[in-house]
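Notes follow once the structure below has been shown.
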């Protein structure tokens, strides 16, 4: 078809859209709060988030509190205090938040501050910026009243010292990693948070997907939300969480959207990626879904006051 003929046909409305967009009749789930998070440590995070909702807090309040609980858990070696350090022995933290209006905040390569998720929220609400990193993020945190705290525990230090003797590269699948939490409150509004100490023994200065809006987390209140866990570099390459939300906009249900996003990763790695990615997704009507590449993946779902852990097999697990 010649260009001028194409324009004539298009202007006449003959050409059908290439995608089917989410039904406008799909309503927001209201008066039935839902909390969705990654891994088994999502169970207590969900309870902390629910407590905030029960006290009248909104989705953003709840998501932040759930993430804060995990950040403060010294037994968790992949989030916050007690996290395994980078190759130089420094615990560096990445985190982001996104609310139902599309506003967002983020910190990366933050050191010596216990709650990066709360710093990210301060950036979102009190500055014109989205992301602060490194020394600048720490300076901002201190200016807002956050206190310095040693995040490297004796247990994590001993593990790092042992690792130095072996220098074996760890994978996110071995150490787990991010907690991502998505909350829908009684008004049907959705918000999310994502926080991690990142890949154990990573290169000093490495930043993963967790603080990157669209990679580790994305919220669109008119569609839903998605969040990621696993090898951040590969999530970044496909802008994974944004992709999952856009697929839901096109009519995929949450599980199908997660699977389709992972199929693109699988294709790029000739059908056999040697790493893990897991996605969780929530649609505005309250439907949730999840998918992972390999092995197994756990997610926690609190719905109708029941908090339950689900284990799914990876798409490539036989």
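We did not get these values from a lab; they are worked out from the coordinates using the rules stated. Keep in mind that this is a model prediction, so the values were computed, not measured. Heads up, the Cβs are rebuilt from the backbone with ideal geometry, glycines too, and the neighbour counts pull from every protein chain shown.
Working from Cα pairs under 8 Å separated by at least six residues, relative contact order for the chain is 21 percent. Would you calculate, for the chain, the mean residue ellipticity at 222 nm contributed by helices, counting each DSSP H stretch of 4 or more residues as -39,500 (n - 2.57) and dividing by all residues, to the nearest 500? About -10000 deg cm²/dmol.
The structure shown yields Cα extents along the principal axes in Å, and of the options (1) 53, 43, 34; (2) 69, 48, 39; (3) 110, 48, 32 that calculated value carries the label (2). Express as a percent, rounded to the nearest 5, the fraction of DSSP beta bridges in segment 32-311 (both residues included) that run antiparallel. Restricted to segment 32-311, the bridges split so that about 90 percent are antiparallel.
The base-10 log of I(q)/I(0) for segment 77-145, evaluated at q = 0.14, 0.21, 0.25, 0.26 Å⁻¹, reads -0.39, -0.80, -1.04, -1.10 [Debye formula, identical scatterers on Cα atoms, solvent excluded]. Measure out, as a whole number of angstrom, how far apart the alpha-carbon centroids of segment 94-139 and segment 180-257 sit. That distance is 16 Å. Helix 134-143 and the longest principal axis of the C-alpha atoms of the chain enclose an angle of approximately 80°. Annotation: peptides 29-40, 183-194, 300-311, ranked by per-residue average of other Cβ atoms within 10 Å with the highest first, follow the order 183-194, 29-40, 300-311. Rounded to the nearest 10 degrees, the angle from helix 154-166 to the longest Cα principal axis of the chain is 80 degrees. Segment residue 47..residue 170, full-extension length gain: 41.2 nm, with 0.36 nm per residue of separation and the alpha-carbon distance subtracted. For the chain, the longest principal axis of the alpha carbon atoms and the long axis of helix 254-268 meet at an angle near 80°.
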